[in-house]
Amino acid sequence: MMNRELSMEFVRVTEAAAIASARGVGRGDKNGIDQLAVDAMRKMFDTVNISGTVVIGEGEMDEAPMLYIGEHVGAGGPEVDIAVDPVEGTNLVAKGQPGAIAVIAIAPKGCLLHAPDMYMDKIAVGPRAKGCINIDDPVSANLERVGDLTVVALDRPRHRKIIEEVRAAGARIRLISDGDVDPIINAGIEGTGIHMYIGRGGAPEGVLAAAGLKCLGGDMQARLCPENEEQEERCHKMGISDVKQILTIDDLVKGDDVMFTASGITNCDLLHGVNFFGNGARTHTISMRYATGTVRFVDAVHTFDRSNINIKL
């Protein structure tokens, strides 16, 4: 089992990425923003006492110089799988819009689904609706079982039918432009005003979100959506033999020793974005551990002349 003290080390990892990328809020350079976050996150991982393998990252080795799939990170310690998204919502940061986070999930080796970079259908709810969803059922049936609620979906043409069905059932719906990890986590926490996420989004982000939701006691089902034979073959190479399989939250994240950490880059429903002041910054992070059911919010002030995360755009 992972040492509980590691949870604070992982907080430092996402804080570094959030501060680095927040330098570019509203500047329009989403690629530059992402690179700053990757550099900062990778540097901070080198200080953590783990022997980590990136299973969900910035792409294949020939596509990404750092935090690529298969890269080994850490200063030595327990063998773990790592899923990262240094900036979940690069468009949001580039445009200065809310909802962007820096996020990681960590579990013992072999416990995170090695999700290929493709679409995935997802449905997610919080603890009160655990066991009440079925991805194959009509939207109205899932809504009826869950009860009075607000649903979040990405505002995409592919979701037009889902949006119509939610409205026809009398539920409230909130449409978002980018980034579905944050709203899925929100569905797992009372008081956010979000009760269900439904729709098609990135598969790697689905695993990240499942890790956080599992820590919160929520529920999620998913199904990969390969669009051609090449993508199907990629699934097979990553150990997924049945691409039509309904993936439960325990298929996405196995075992009882997962940790999840996310820091706000821009303001979110749950987290404050990075705020800079004269010689430092203030960050807001959620840190969760499934083994203990602990959910912590870390409100931190960083003074740059005593820190190694003063990164400028």
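Specify the residue that is farthest from Gly212 (Cα to Cα); the eligible residues are those in the range 71-97 that are assigned to a loop (DSSP other than H, G, I, E, B) and either of a type in the set (S, T, N, Q) or touching an Asp or Glu at 6+ places or on another chain (Cβ under 8 Å) (or both). If we take residues in the range 71-97 being assigned to a loop (DSSP other than H, G, I, E, B) and either of a type in the set (S, T, N, Q) or touching an Asp or Glu at 6+ places or on another chain (Cβ under 8 Å) (or both), then Ala75 is farthest from Gly212 (Cα to Cα). I'm checking my understanding of the structure. Among residues of the range 210-250 that are without any contact (Cβ under 8 Å) to a residue 40 or more places away in the chain and under 17 Å from the mean Cα position of the chain (by Cα), which one is nearest to Val103 (Cα to Cα)? Once the filter is applied, the top-ranked residue is Ile249.
Just one of Arg174, Arg156, Arg145, Arg160 is modelled with pLDDT under 95, over 18 Å from the mean Cα position of the chain (by Cα) and not acidic (Asp, Glu); which is it? Full working, then the answer.
Numbers: Arg174 fails: modelled with pLDDT under 95; Arg156 fails: modelled with pLDDT under 95; Arg160 fails: modelled with pLDDT under 95.
Answer to the selection: Arg145.
Rundown of residues vs (1) surrounded by fewer than 19 Cβ atoms within 10 Å (Cβ to Cβ); (2) over 22 Å from Ala211 (Cβ atoms); (3) touching a Lys or Arg at 6+ places or on another chain (Cβ under 6 Å), yes/no style:
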{"residue": "Val11", "(1), (2), (3)": "no, no, no"}
{"residue": "Glu15", "(1), (2), (3)": "no, no, no"}
{"residue": "Gly26", "(1), (2), (3)": "yes, yes, no"}
{"residue": "Ala37", "(1), (2), (3)": "no, no, no"}
{"residue": "Ala40", "(1), (2), (3)": "no, no, no"}
{"residue": "Ser51", "(1), (2), (3)": "yes, no, no"}
{"residue": "Val54", "(1), (2), (3)": "no, no, no"}
{"residue": "Glu58", "(1), (2), (3)": "no, no, no"}
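Out of Val243, Val301, report the one residue that is among the hydrophobic types (A, V, I, L, M, F, W, C) and over 30 Å from Gly26 (Cβ atoms). Quick ask: steps written out before the conclusion?
On the way: Val301 fails: over 30 Å from Gly26 (Cβ atoms).
Residue meeting the stated conditions: Val243.
Among the strands (runs of 3 or more DSSP E) confined to the range 200-313, the ones with at least 3 residues that are of a type outside the set (Asp, Glu) and crowded, with 21+ Cβ neighbours inside 10 Å are located at 219-225, 259-264, 280-289. Check whether at least one residue in the range 48-59 is part of a strand (DSSP E or B), farther than 23 Å from Asp299 by Cβ, more than 17 Å from the chain's Cα centre (by Cα) and among the small types (Gly, Ala, Ser), and report yes or no. Within the range 48-59, one or more residues are part of a strand (DSSP E or B), farther than 23 Å from Asp299 by Cβ, more than 17 Å from the chain's Cα centre (by Cα) and among the small types (Gly, Ala, Ser). Of note, Glu79 satisfies the criterion of being closer than 30 Å to Thr292 by Cα and open to solvent by 10 Å² or more (accessible area, probe 1.4 Å). Applying the selection to the range 132-146, what residues are open to solvent by less than 70 Å² (accessible area, probe 1.4 Å) and farther than 19 Å from Ala211 by Cβ? Answer for the range 132-146, where residues must be open to solvent by less than 70 Å² (accessible area, probe 1.4 Å) and farther than 19 Å from Ala211 by Cβ: Cys132, Asn134, Asp137, Val139, Ser140, Ala141, Asn142, Leu143, Val146.
The values are calculated or read from the model by the stated rules, or taken from the named source; none is laboratory data. Keep in mind the model is a prediction, meaning the values are calculated, not measured. Neighbour counts are summed over all protein chains in view; Cβ atoms, including those assigned to glycine, are modelled from backbone coordinates with ideal geometry. Ligands, DNA and RNA are excluded from the accessible area calculation, which covers all protein heavy atoms including side chains. Shrake-Rupley method; radii C 1.70, N 1.55, O 1.52, S 1.80 Å.
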